[in-house]
Amino acid sequence: MTRLFAAILGAVALLAVGQQPAFADHVKPTIDVGARASDRSELGYIIDARLRTADGKAIGDAAIRFYELVTFVGPREMFLGGATTDSQGVASIAYLPALTGTRQIVARFAGCCEHIAAAEARFALEATIAKPAFRQERQPLAAFSDRVPYVVGVLVLAVWGLIGFALFAAARGVIGGARGASRKEGPA
Amino acid sequence: MDRRTLALYRERATWSIGHGDKKFWVSLFVLSSLVAAGVYAYVYQVQRGLWVTGLNQKVSWGFYIINCVFFIGISYGGAMTSAILRLTNAKWRAPLTRIAEATAVAALFVGAVYPIIDLGRPDRIIYLLQFPQVGSPVVWDLVAISTYMVASLVFLYLPLIPDLATTRDSLRPGLLRRIYGMLALGWRGLPSQERALRRGIGIMAVLIIPLAISVHSVLAWLFAVTVRGGWHSTIFAPLFVLAAMLSGVAAVIIVVAVFRKVYGLQQFITTKHFRYLSYLLIALGMGYLYFMVSEYLTEAYVLEESTAPVLEAIFTGSYAPAFWSFTILGLVFPLALAALPGRLTIARACTASALVIAGMWLKRFLIVVPGMAEPIMPWDWGRYAPTWVEITITIGSAAAIPLILIVFFRFFPVMSVHEMEEVEGAVERSGGLAPAYGGGGDD
């Protein structure tokens, strides 16, 4: 009986051990991030992230997500895009910054297959290429409609002038008439 | 007009100045209480924010914008009535012009306050002056309303000058007499003064018409320059102008009838005046009906994607009871009532006017709310139901108009004495036509 109980316990223990991943966190990868100017200036920069194991083996078919650290509306990560690593372990995205200057880029790998751990790397991109400033397209009839408010403004001023003239000319005429009559009558 | 009648006219026009009978004080108390309730509701709204109203993210224009358009429209009708009667030199105008002009100013003051009431942060109205965008109709709305307000005040003041002198002369020496004297600018009825005053009034009478048109057109463009279904219409500006004239003339008829009754002006404001004003009401109503049919016909025939749900809601949907009530009870029936020959001209004119006013308010509701509630994005319709705050403010502001009028006519003559003398003089000189105040029986 005791032997049977020990056998059952042993079998349960073996099953329990068998549930555990054999290679949990076994592989701790590293990411190297870099950027180069694209041949096509409208694309800005090509940001590369190389995902490798500690012994330098490339990890392919892994999803890398790229972010930029921004402070607009509070410090946060702005998602730039995602790419999957190739057989060389390289994932690339094109990125055209909104502004020139230092841009903090983050490349992140979330881990995979329960045996490859997550990894992250940061890179300071000194951007000299940026999106051109937004220029609103000239609207149709813009040359005409730009002037309309000024014409209306002149009209409004003319109306105010007319109102003023009607009031002050009438008041002047009434007051002047009264003064003239008083002068004619002489001192009381 | 003989000397005795003219004296009676003068007495009736000025009897309320400085006097207040029981009716006056009761009216003052009731109207002030209603206005105070409106002010309380507004303070409640300012303290808590616009969420206490029925306005919401989808229907952000409700009673306040409806009332703004409605009251400014009434003001327009008052000013136009007076201006047209002056420019056409209608001999029967004398007892009416003062009431029409005062109604215009009172309604304008009330209507002009509504855009501020509609703001959750009324202190930010100053931004409109600090950072004006010349391409925005809202900026031009402010310009048009303020210009029209100044013009209406001048248009009210100039014809008042001789009557201020008459009041001044009837007072004992003292502070009040000095104030009236200053306001009368030393008027003595000299030919040179008459000429100067007539020129000023003439300019204002001509100017007030395009000004009033511009105010209501700009109000209409606030709607029409959007791409919302039911709003984006080229006919909106003339439609608004005509609606304003229609409701304004209706309001003038009612105000004239009330003051006639309360101030005992039956001898001077007769059936003839109401008949003529009814003709004006009918003509404007027919014009409005034509414009409305034209607008709906063209929109419904083309039936653009954005317009179709609005028209469906108005004609057969949830807004259909309001629309058909307005069309039948607020437009067709009152016009027929005013046009029918027979007795009780004044009663019929007043009933028709009351229905027209109610109908025109309903029409503004049908313009503002379905246009806003229409689903521009593919979601369901917006909903709007006013709360007690909006209803109380509306009642309070409506009470403010008669309150302003009874207070105004406690200090100034209710009918233009000078104008009557002038018209009567002209009539006598031209060979004894019927007296300007007379004609027609009295109901």
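Here is a check on your reading of the model: is A:Arg179 exposed (fewer than 12 other Cβ atoms within 10 Å of the Cβ), more than 60 Å from the chain's Cα centre (by Cα), within 9 Å of another protein chain (Cβ to nearest Cβ) and without any contact (Cβ under 8 Å) to a residue 40 or more places away in the chain? Against the criterion (exposed (fewer than 12 other Cβ atoms within 10 Å of the Cβ), more than 60 Å from the chain's Cα centre (by Cα), within 9 Å of another protein chain (Cβ to nearest Cβ) and without any contact (Cβ under 8 Å) to a residue 40 or more places away in the chain), A:Arg179 qualifies.
Exactly one residue among B:Pro375, B:Pro309, B:Pro334 is touching an Asp or Glu at 6+ places or on another chain (Cβ under 6 Å) and either at pLDDT 90 or above or not aliphatic (A, V, I, L, M) (or both), and that residue is B:Pro309. Taken residue by residue, region A:104-111 has no member that is in contact with a Pro (Cβ under 8 Å, 6 or more places away or on another chain), modelled with pLDDT under 90 and not in a strand (DSSP E or B). The single residue among A:Ala143, A:Ala166 that is among the hydrophobic types (A, V, I, L, M, F, W, C) and more than 9 Å from chain B (Cβ to nearest Cβ) turns out to be A:Ala143.
Taken together, B:Phe29, B:Phe24 contain a single residue that is surrounded by fewer than 20 Cβ atoms within 10 Å (Cβ to Cβ), under 26 Å from the mean Cα position of the chain (by Cα), at pLDDT below 90 and part of a helix (DSSP H, G or I), which is B:Phe24.
With the condition kept exactly as written, say whether any residue in region B:223-241 is surrounded by 16 or more Cβ atoms within 10 Å (Cβ to Cβ) and within 9 Å of another protein chain (Cβ to nearest Cβ). No, every residue in region B:223-241 fails to be surrounded by 16 or more Cβ atoms within 10 Å (Cβ to Cβ) and within 9 Å of another protein chain (Cβ to nearest Cβ). Report yes if B:Val154 is away from every other protein chain (no Cβ under 14 Å), aliphatic (A, V, I, L, M), surrounded by 19 or more Cβ atoms within 10 Å (Cβ to Cβ) and not in a loop (DSSP other than H, G, I, E, B), otherwise no. Against the criterion (away from every other protein chain (no Cβ under 14 Å), aliphatic (A, V, I, L, M), surrounded by 19 or more Cβ atoms within 10 Å (Cβ to Cβ) and not in a loop (DSSP other than H, G, I, E, B)), B:Val154 does not qualify.
Residue check: is B:Ala104 in a helix (DSSP H, G or I), open to solvent by less than 20 Å² (accessible area, probe 1.4 Å), modelled with pLDDT of 90 or more and not β-branched (Val, Ile, Thr)? Yes: the conditions hold for B:Ala104.
If only residues of region B:107-147 that are part of a loop (DSSP other than H, G, I, E, B) and closer than 19 Å to B:Leu55 by Cβ are counted, the one that is most open to solvent (accessible area, probe 1.4 Å) is B:Arg121. Reported count of residues in region B:158-200, each being within 11 Å of chain A (Cβ to nearest Cβ) and either open to solvent by 50 Å² or more (accessible area, probe 1.4 Å) or not in a helix (DSSP H, G or I) (or both), is 12. Residues that are aliphatic (A, V, I, L, M), in a helix (DSSP H, G or I) and open to solvent by 100 Å² or more (accessible area, probe 1.4 Å) within region A:131-172 comprise A:Leu155, A:Leu157, listed in sequence order. Taking every residue in region A:130-153 that is closer than 28 Å to A:Ile46 by Cα and pairing it with any residue that is of a type in the set (Ser, Thr, Tyr) and surrounded by 10 or more Cβ atoms within 10 Å (Cβ to Cβ), at least 6 positions away or on another chain, the pairs with Cβ-Cβ distances below 9 Å are A:Ala130/A:Thr100.
The values are calculated or read from the model by the stated rules, or taken from the named source; none is laboratory data. None of these values were measured; they are calculated from a predicted model. So basically every Cβ, Gly included, is an ideal-geometry build from the backbone, and we count neighbours across all protein chains shown. We work out accessible area using only protein heavy atoms, side chains counted, and drop any ligands, DNA or RNA first. Shrake-Rupley method; radii C 1.70, N 1.55, O 1.52, S 1.80 Å.
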